[in-house]
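The values are calculated or read from the model by the stated rules, or taken from the named source; none is laboratory data. None of the values given here were measured: they were computed from a predicted structure. Here the Cβ positions follow ideal geometry from the backbone for every residue, glycine too, while neighbour counts run over all protein chains shown.
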Amino acid sequence: MLEQTVQIVSNERDTDSYFRLVVRTPRIAPLIQPGQFAHIRVLPLKDALLRRPFSIFQVSGDTFSILYKTVGQGTEVIARMQAGEELSVIAPLGHGFTVPKRGGETPLLVAGGYGMAAMYLLAQRSPQKGIVFVGGRRRVDILCEKEFQALGWDVRVTTEDGSHGKKGLVTQPLIAELKRSTKGRKLFACGPTGMLKAVGKIADDFKVPAELSMDEHMCCGVGVCLTCVIPVKTADGPRRAEAHEREGGWEYQRTCTEGPVFEAKEIVWEVTK
Ligand SMILES: Cc1cc2nc3c(=O)[nH]c(=O)nc-3n(C[C@H](O)[C@H](O)[C@H](O)COP(=O)(O)OP(=O)(O)OC[C@H]3O[C@@H](n4cnc5c(N)ncnc54)[C@H](O)[C@@H]3O)c2cc1C
Ligand code: FES
């Protein structure tokens, strides 16, 4: 993990309220693993002390990019920034996805909206290709479909309004696929909490392993403030020396350090916020 002030290489609109930001980070780029994130301080912003977390989308040479949606003050200011301007970045952060091995489990990726950003490096670095299930409310929420196809993945699109792909929720074609076969398959998901919860239940119902990237509100991003904790099962007792095991065999773990990626079977959904 490194903290650096970095220069923007480009910052362009993708679709609607989604943008791609590329920054030059020769020391950080080679360290990045799929599913890790960057904590970005928006230097022109008045409350610049508060950083914003974003999945690392793509890595190319000495640059990495994020794919972000403008939702509030920080992302709106980033969207107006231009090449040559500076941001402060702490990265790579967090515990990412387990990259499938050649000849190992077939990955089924499930992404909602900007959740696709967390999936790209995983798809690119996995020697074992599989299926990407991508869902969104409307056509504009379906991101990087062609880029995943170019990596050789089978991309299945759903939109809630039916404006692109099949009409419905991203979990519907996933369930249909698992009904066909569960053998040797593993799920990887990133998206809204409701979608992650549904994927966790599907993994449990079909008895397939799943890794979920949990998008929790974060403050420090480096394990100090405990803003980002979620309840995680601890069959073998607490993993961190300072963690208190709760009744029922679970403890709070930090999404920013122990996560953002957790095994679905570890998450105690009944206790989540
Ligand atoms: C590990 C991780 C990875 C992320 N990856 C991406 C990504 O690749 N692309 C992307 O666009 N966004 C991503 N996010 C969400 C992103 O951090 C927030 O959208 C961003 O911080 C909002 O900043 P803001 O100042 O524009 O909005 P604010 O003014 O802070 O908030 C505006 C609205 O967004 C909501 N919001 C803020 N933070 C989050 C959050 N973490 N999750 C859900 N809603 C939030 C607020 O509740 C509020 O309704 C990720 C978050 C986490 C924790
Ligand atoms: S955001 Fe501070 S501990 Fe995770």
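For the range 117-171, residues that are in a helix (DSSP H, G or I), touching a Leu at 6+ places or on another chain (Cβ under 8 Å) and polar (S, T, N, Q) total 1.
On the stretch given as the range 52-99, residues that are farther than 23 Å from Pro26 by Cα and touching a Gly at 6+ places or on another chain (Cβ under 8 Å) total 1.
Among the residues of the range 9-55, what is the count of those that are in contact (Cβ under 8 Å) with a residue 60 or more places away in the chain and out of contact with any strand residue (DSSP E or B) (no Cβ under 6 Å at 6 or more places or on another chain)? Going through the range 9-55 one residue at a time, the tally reaches 5. Within the range 248-270, the residues that satisfy the criterion of being among the charged types (D, E, K, R) and more than 13 Å from ligand 2 (Cβ to nearest atom) are Glu251, Glu263, Lys265, Glu266, Glu270.
Here Lys129 fits the description: touching a residue at least 12 places away in the same chain (Cβ under 8 Å), of a type outside the set (Ser, Thr, Tyr) and more than 16 Å from ligand 1 (Cβ to nearest atom).
When the residues of the range 200-217 are filtered to those that are within 21 Å of Leu122 (Cβ to Cβ) and within 14 Å of the chain's Cα centre (by Cα), the one that is surrounded by the most Cβ atoms within 10 Å (Cβ to Cβ) is Ser213.
Arg246 satisfies every condition listed in (1) among the charged types (D, E, K, R); (2) at pLDDT 95 or above; (3) out of contact with any strand residue (DSSP E or B) (no Cβ under 6 Å at 6 or more places or on another chain) except (2).
Residues in the range 36-72 that are in contact with a Ser or Thr (Cβ under 9 Å, 6 or more places away or on another chain), of a type outside the set (A, V, I, L, M), part of a loop (DSSP other than H, G, I, E, B) and away from ligand 2 (no atom under 16 Å from the Cβ): Phe57, Asp62, Thr70.
Anything in the range 72-82 that is surrounded by fewer than 14 Cβ atoms within 10 Å (Cβ to Cβ) and touching a residue at least 24 places away in the same chain (Cβ under 8 Å)? List them, or say none. Hit for the range 72-82 is Gln82, nothing else. From (1) modelled with pLDDT of 90 or more; (2) loosely packed, with under 14 Cβ neighbours inside 10 Å; (3) closer than 27 Å to Val71 by Cα, pick out the condition that doesn't hold for Cys256. Tallying (1) modelled with pLDDT of 90 or more; (2) loosely packed, with under 14 Cβ neighbours inside 10 Å; (3) closer than 27 Å to Val71 by Cα, Cys256 fails exactly one: (2). Is it the case that the range 147-167 has a residue that's without any contact (Cβ under 8 Å) to a residue 60 or more places away in the chain and under 15 Å from Leu67 (Cα atoms)? Yes, the conditions are met somewhere in the range 147-167.
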